[in-house]
1. Based on the Kirkwood radius over alpha-carbon pairs, what value in µm²/s does the Stokes-Einstein equation return for the translational diffusion coefficient of the range 31-73 at 10 °C and 1.306 mPa s?
2. Measure nothing fancy, just the Cα-based angle from helix 11-24's long axis to the longest principal axis of the chain, in degrees from 0 to 90, nearest 10.
3. For the chain, what Kirkwood radius comes out of the mean inverse Cα-Cα distance, in Å?
4. Once every Cα of the range 8-47 carries one equal point scatterer and solvent is ignored, give the base-10 log of I(q)/I(0) from the Debye formula at q = 0.20, 0.35 Å⁻¹, two decimals.
5. With axes computed from alpha carbons, what is the tilt in degrees of helix 32-57 against the longest principal axis of the chain, rounded to the nearest 10 within 0 to 90?
6. Student exercise: in the chain, how many lysine pairs 8 or more apart or on different chains have Cα atoms under 15 Å apart?
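Since every read-out is calculated from the coordinates, none of them should be taken as a lab result. Here the structure is a predicted model, which means the values were calculated and not measured.
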Amino acid sequence: MESITIKPRNDSEKQFVMEFIKRTKLRSSLDQTQKARKKQEILDGISRSVEQINQHLRGEIELKTLEEFLDEL
């Protein structure tokens, strides 16, 4: 079976292609570099959150309460 590489130019094209693949039930796989990038983004976000917690525990910053956070929404 042949493989086809599709490189969307932006997020909307990527979403369109992924939705097409999902609706047509085509077999697909994400490029490993994309998976690695997503994993790194998640890990970076967790690291930033842990650093903020540590800063709060050291008294360097004040975190918002849940009520303050929800009020912003």
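1. Working: Rh = 12.4 Å.
Here the translational diffusion coefficient equals 128 µm²/s.
2. 60
3. After inverting the pairwise mean of 1/r, the radius is 16.2 Å.
4. Rounded to two decimals, the profile gives -0.74, -1.03.
5. It is inclined by approximately 10 degrees.
6. Values: Lys7/Lys35; Lys14/Lys22; Lys14/Lys35; Lys14/Lys38.
Taking the chain as the scope, the lysine pair count is 4.
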